[in-house]
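Heads up, the thing below is written out as structure tokens.
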Amino acid sequence: MKLPSDRSVLLCYNTVERMLKGDFFHTVPWPTVAEETASFPPDWPLIGIGTTNWFRRNGETIIGGTIGTPQLLWADPEGTRPMEVIDLLQEKPRPGGPALVTPSVADAADVPPLPFLAVGVCCPDSAQVWECPQVAAVHGWVQERLVQENIGLAAVQIVAEVEDLTAAAAFYLPLEGLDLSHGYDARNNLKLMAFSGGSWDIGGIYAANPTLQRMISVEGLPLHLHGWNPSLRQGGHIVKASVRRAKVTVWPLQDLVLQIKNLDQAWLPVRNLASV
């Protein structure tokens, strides 16, 4: 697909809604994303979120860097160190934990297939920079400012001095999907970790429209953030964070391109995961 290389765009591969209902078969590997964004200038920032298809070791992906030098960071829920972050474009996951097996027989085990990925390709000239004061809930502060600025879709980066932060990493996303009719019990699916202090690099996607929220998050939660502490090399999905101060950079995204790969087959073969 030829994308216009002069407009900021959100590339959404599959959706959070479909993934949480059990769609782990319409995945995208990072080389495909790199190929589809190659026409953009190499200095354009990338900001994104996602997860992998590794069964019982899904983790959280944190997309950063630029078109020319991308980062595909991954918070491992089951490694030798809790929620350790590595760059999957530079490193292999550490030994230990469940084997890196995917539900789909079409996925290569050594390349992380992504059942959901949302990545903002951001024009540097469109960036808005805000100084966030000490606040107890950075999600709320950023969302209020986005509403004030009448921004409907955006990539968001937060470089923060944290007071307290809770991060999560998915360790079990069941193939039959999650029953969210009575809310979400994270204990069965996510590893949680509390952090005090430190410098954090956080990024994600904001969508004001409820329909778009179901693509990148769940309805009612418009700002989906992942992040990490580079000194600790730990991180994941940001559940909540209070900050002493933060620099917030926002890139409004003009276009959205949704892709769901390989829809030609109604039923796809499932790998035997009984021993995983």
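What follows is calculated from the coordinates using simple rules that are stated; it is not laboratory data. Predicted, not measured: the structure shown is a model, and the values here were computed from it. Cβ coordinates were reconstructed from backbone atoms using ideal geometry, including for glycine residues, and neighbour counts include every protein chain displayed.
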For the chain, calculate the relative contact order in percent as a whole number, restricting contacts to Cα pairs under 8 Å that are 6 or more residues apart.
-> 30 percent
Dipole size in debye (nearest 20) for the range 127-252 around its Cα centre, Lys and Arg Cβ +1, Asp and Glu Cβ -1?
-> 240 debye
Student exercise, the range 9-122 dipole from Lys, Arg, Asp, Glu Cβ charges, in Debye to nearest 20 = 280 debye
Over the chain, what is the percentage of antiparallel beta bridges among all DSSP beta bridges, to the nearest 5?
-> 90 percent
Two decimals is fine: what is log10 I(q)/I(0) at q = 0.11, 0.13 Å⁻¹ for the chain, from a Debye sum with one equal scatterer on every Cα and no solvent?
-> -0.58, -0.83
Please name which of 188, 141, 249 has its Cα lying farthest along the dipole of the chain towards the positive end, using unit charges on Cβ (Lys, Arg +1; Asp, Glu -1) and the Cα centre as origin.
-> 188
Full extension between residue 255 and residue 239 adds, at 0.36 nm per residue less the Cα distance, a length in nm of 3.1 nm
Who wins for biggest fluctuation among 111, 248, 147 in a Gaussian network model of the chain, springs between alpha carbons below 10 Å?
-> 147
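Could you work out [θ]222 nm for the chain from helices alone, using -39500 (n - 2.57) per DSSP H run of at least four and dividing by all its residues? Round to the nearest 500 deg cm²/dmol.
-3000 deg cm²/dmol
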Applying the gyration tensor rule to the Cα atoms of the range 127-252 (axes a ≥ b ≥ c; rounded if a/c under 1.5, else prolate if a/b exceeds b/c, else oblate), the class is oblate
Cα lying deepest toward the dipole's positive end in the chain, options 218, 263, 234, charges on Cβ | 234
